[in-house]
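Participant: Below is a structure I'd like to ask you about.
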Amino acid sequence: MTYKDLVKKGIPAILIPGILFAGIYGIKSISKINNYYQSEKMFPKSGIVAEVEDGDTFELATGHKVRMIGINAPDRGKEDYEESKGVIEALKNKKVWLEYDRYQDDKYGRILAWVWIGCETDNPKMLPADYMHLSGNESREYVTKNPEGCEKGELLNKRMILNGLAETVNYEKRGRLKYKLD
């Protein structure tokens, strides 16, 4: 079994190195996993920001790389790069909560998530990742309320847009994401 075979089967890129490792060492329970996207080990609900890659990507203390969904911050060397990266740098060693949408990982193996800060409970009730999906590319209307347990919290993705530190990313020919950012 190769990387390409696993991609063709619809297995998320983030899981493939582990599956290949398990295959090499004879671990057979991998085939019993039914829904990779519901695994909290692969897609945690929260975490502590450990390292900052840039203004829209960071790493949790657990080693998970998180890319904020729906936005694109300036790349290194571009105007506002340092300022957008600084927003994430301010979160180092602080807890963030992750909410998933219809697209949960990218081709680089990063988790795609809505990033919440300042939630009042340790376990806010986020909407399920497939909440927006009706059929095909049809979607529900945008979510306008914060998750239960994070009513006083802030959606970092939206803050980045409203402060002019990132641009909205529209996923062409794909279904609508949960939150409208502009």
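No lab work stands behind these numbers, since they all come straight from the coordinates. Note that the structure is predicted; figures quoted are calculated from it, not measured. So basically every Cβ, Gly included, is an ideal-geometry build from the backbone, and we count neighbours across all protein chains shown.
Participant: Given Cα pairs under 8 Å that are at least 6 residues apart, what percent is the relative contact order of the chain?
Facilitator: 20
Participant: Cut-off under 12 Å on the C-alpha distance; same-chain residues fewer than 8 positions from Lys158 excluded. Which aspartates and glutamates are left, in chain and number order?
Facilitator: List returned: Asp56, Glu167, Asp182.
Participant: Add +1 for every Lys or Arg and -1 for every Asp or Glu among the other residues with Cβ under 13 Å from the Cβ of Glu138, and state the total.
Facilitator: +3
Participant: For the pair Glu83 and Asp130, what calculated FRET efficiency results from E = 1/(1 + (r/R0)^6), where r is the Cβ-Cβ distance and R0 = 25 Å, to the nearest 0.05?
Facilitator: Efficiency for this residue pair is about 0.10.
Participant: Sticking with this structure for a sec: Using the Karplus curve 6.51 cos²θ - 1.76 cosθ + 1.60 with θ = phi - 60°, what ³J(HN,Hα) values do you get for each residue of the range 127-144, in whole Hz, with x for Gly and Pro?
Facilitator: My calculation for the range 127-144 gives 5, x, 4, 8, 3, 6, 6, 9, 6, x, 9, 6, 9, 6, 5, 4, 7, 10 Hz in order.
Participant: If you count, for each residue, the other Cβ atoms within 10 Å and average over each peptide, how do 62-70, 91-99 line up from highest to lowest?
Facilitator: So the peptides 62-70, 91-99, ranked by packing, come out 62-70, 91-99.
Participant: Looking at the square roots a ≥ b ≥ c of the eigenvalues of the Cα gyration tensor of the range 39-168, which shape do they give, rounded for a/c under 1.5, prolate if a/b is larger than b/c, or oblate?
Facilitator: Values: a/c = 1.43, a/b = 1.28, b/c = 1.12.
Because its axes are fairly even, with a/c under 1.5, the range 39-168 counts as rounded.
Participant: Full-extension gain between Asn163 and Tyr103, please, as 0.36 nm times their residue separation minus the C-alpha to C-alpha distance.
Facilitator: 19.1 nm
Participant: Applying the Karplus parametrisation 6.51 cos²θ - 1.76 cosθ + 1.60 with θ = phi - 60° to the phi angles of the range 74-79, what ³J(HN,Hα) value in whole Hz is obtained for each residue in order, glycine and proline being reported as x?
Facilitator: x, 7, 3, x, 8, 4
Participant: For a quick check: with amide H placed at 1.01 Å from N, whose amide H comes under 5 Å from Glu167's, ignoring anything fewer than 5 positions away on the same chain?
Facilitator: Close amide H contacts, sequence-distant or interchain: Asn72, Ala73.
Participant: Straight-line reach from Lys4: which aspartates and glutamates have a Cα under 17 Å away, not including same-chain ones fewer than 8 places off?
Facilitator: Reachable aspartates and glutamates: Asp105, Asp106.
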